[in-house]
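Heads up: the structure comes next, in structure tokens.
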Amino acid sequence: MATDLTDRTVLAVVTNYGVEQDELVVPLEHLRDSGAVVTVAAATSDDVATLVGDKDPGRTVTPDVTLDDVDPAGFDLLLVPGGTLNADTLRLQPAATEIVRSFTRSGRPVAAICHGPWLLVEAGVVPGKTATSYPSLETDLRNAGASWKDAPVIVDPAEGWTLITSRTPDDLDDFLDAVDAALAER
């Protein structure tokens, strides 16, 4: 039976090009089907062009708001999808790093998959946390003060906020189960 997430709110942060399709679209559909309200904040108001495997064109997603215009205070959980191009560009967006800090300062959960943890490294919020990611981020996370493990999903409530991380789209079932659990606790 699906978790009832009615009245839960999720903010997904992305750039407008290079988001791994399944790391954005699958969580959006899953969460919305479970009753959650999901808002997509992108760098600009232009459509988000997703990619499959960092190279093939994927589905297009229309953002609800821009990173600069969203108020992160009204959301229960932050979702950070990956995609190499998306994550590398997203971490250069000051509004995105401030959104991450807003969530972690207030003790609200953050869920990042694949290359998404790059944004958390840039925001300076991973010291003392245990995380997983796409394997190429292991050194970045360790250098930023996190412990890294190769696992389908890691849920770490240390440091006053919950961090949920996964490696790739292959781990989406485990990732979404952990996201559902975090939202159900809110």
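The values are calculated or read from the model by the stated rules, or taken from the named source; none is laboratory data. The structure presented is a predicted model; accordingly, all values stated were derived computationally and were not measured. Note: ideal-geometry Cβ built from the backbone for every residue, glycine included; neighbour counts use all protein chains shown.
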Item checked: Residues (of a type in the set (Val, Ile, Thr) and farther than 19 Å from THR15 by Cα) located in the stretch 89-140 -> THR104, VAL125, VAL126, THR130, THR132, THR139
Note to self: Suppose we keep only residues that are part of a loop (DSSP other than H, G, I, E, B) and in contact with a Leu (Cβ under 9 Å, 6 or more places away or on another chain) within the stretch 27-54. Which one would you say is surrounded by the fewest Cβ atoms within 10 Å (Cβ to Cβ)?
What the structure shows: THR44
Notebook entry, point to check: Out of PRO57, PRO127, which single residue is surrounded by fewer than 24 Cβ atoms within 10 Å (Cβ to Cβ), without any contact (Cβ under 8 Å) to a residue 24 or more places away in the chain and not in a helix (DSSP H, G or I)?
Noted result: PRO57
Note to self: When you check LEU79 against the structure, is it touching a helix residue (DSSP H, G or I) at 6+ places or on another chain (Cβ under 9 Å), part of a strand (DSSP E or B) and surrounded by fewer than 21 Cβ atoms within 10 Å (Cβ to Cβ), yes or no?
What the structure shows: no
Next item on the list: Scan the stretch 81-103 and report the pairs whose first residue is of a type in the set (Phe, Trp, Tyr) and whose second residue is surrounded by 21 or more Cβ atoms within 10 Å (Cβ to Cβ), with Cβ atoms within less than 6 Å and a gap of 6+ or a chain change.
Entry: PHE103/LEU78; PHE103/VAL110
Check: If you go through the stretch 1-26, how many residues are part of a strand (DSSP E or B), among the β-branched types (Val, Ile, Thr) and out of contact with any Asp or Glu (no Cβ under 7 Å at 6 or more places or on another chain)?
Finding: 3
Note to self: Condition (residue is closer than 19 Å to ALA111 by Cα, free of Cβ contacts under 8 Å to residues at least 12 places away in the same chain and out of contact with any Lys or Arg (no Cβ under 9 Å at 6 or more places or on another chain)) applied to the stretch 9-23: is it met by at least one residue?
What the structure shows: no
Next item on the list: Could you pull out the residue among ARG59, ARG105 that is over 13 Å from the mean Cα position of the chain (by Cα), more than 30 Å from PRO127 (Cβ to Cβ) and at pLDDT 95 or above?
Entry: ARG59
